[in-house]
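Undergrad: Take this structure, written in structure tokens, and hold onto it; I'll ask about it next.
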């Protein structure tokens, strides 16, 4: 009888452990089994160097979303899919910029909301974008004398 009680407790412990692993896998994978409280926008950039799937999206320094997909279109522009909560409504003159956290930190997307009064609908594309400044290119141009100095 005592042996059965131990087996039952071990079985319960294993089931709880499997349930916890399943829950963590769903949370880490961001799986959704029901209607989501977010929507997607697209943004078109000429260069997104350093931005990856999963990069954060910020408005006024506050994380509001993530980059869910990056593709290269036929015109050689990078098209990012941005996932934002339904509570944030952006206008069609919103500016999306690639920014760097710190001097050599991660790259992220910063959104500067506009004020046109014409809201972006889910699936719309933000066309007012600013690519990241190429610090490495500027430093190499300066170090190798690529910047022309004015002669007096």
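Undergrad: What's the ranking of 87-93, 136-142 by average number of surrounding C-beta atoms within 10 Å, highest first?
TA: Going by the mean number of other Cβ atoms within 10 Å, highest first, we get 87-93, 136-142.
Undergrad: Assuming 0.36 nm per residue, please report the length gained on full extension of the stretch residue 60 to residue 4 beyond their Cα-Cα distance.
TA: Values: separation 56, 0.36 × 56 = 20.16 nm, distance 5.95 nm.
Fully extending the segment from residue 60 to residue 4 adds 14.2 nm.
Undergrad: At a Förster distance of 35 Å, what's the computed FRET efficiency of residue 79 paired with residue 14, Cβ-Cβ distance as r, to 0.05?
TA: Values: r = 45 Å, r/R0 = 1.30.
Efficiency, rounded to the nearest 0.05: 0.15.
Undergrad: Given points 7 Å out from each Cα along the Cα-Cβ axis, report the residue 110 to residue 28 separation in nanometres with one decimal.
TA: Between residue 110 and residue 28, the label points sit 3.2 nm apart.
Undergrad: What number, in percent, do you get for the relative contact order of the range 1-134 if the mean sequence gap of Cα pairs under 8 Å and at least 6 apart is divided by its residue count? Can you show the working numbers first?
TA: Working: 233 pairs, mean separation 35.4, N = 134.
In percent, rounded to a whole number, it is 26.
Undergrad: Give me the number: length gained by fully extending residue 21 to residue 92, i.e. 0.36 nm times residue separation minus the C-alpha to C-alpha distance, one decimal in nm. Mind showing how you got there, number by number?
TA: Details: separation 71, 0.36 × 71 = 25.56 nm, distance 4.18 nm.
In short, 21.4 nm is gained.
Undergrad: Does anyone have the angle between helix 2-29 and the longest principal axis of the chain? Alpha-carbon axes, 0 to 90°, nearest 10?
TA: Result, in degrees: 20.
Undergrad: Then there is this: Taking all pairs of different Cα atoms in the chain, averaging 1/r and flipping that mean, what Kirkwood radius in angstroms comes out?
TA: Details: mean 1/r = 0.0528 Å⁻¹.
After inverting the pairwise mean of 1/r, the radius is 19.0 Å.
Undergrad: While we're on this one: Using helices alone, what [θ] at 222 nm do you get for the chain, with -39,500 (n - 2.57) per DSSP H run of 4 or more residues, divided over all residues and rounded to the nearest 500?
TA: Working: 2 runs with 37 residues, N = 152.
The per-residue figure over the chain is -8500 deg cm²/dmol.
Where a number appears in this text, it was derived from the coordinates with a stated rule and is not lab data. The structure presented is a predicted model; accordingly, all values stated were derived computationally and were not measured. Neighbour counts are summed over all protein chains in view; Cβ atoms, including those assigned to glycine, are modelled from backbone coordinates with ideal geometry.
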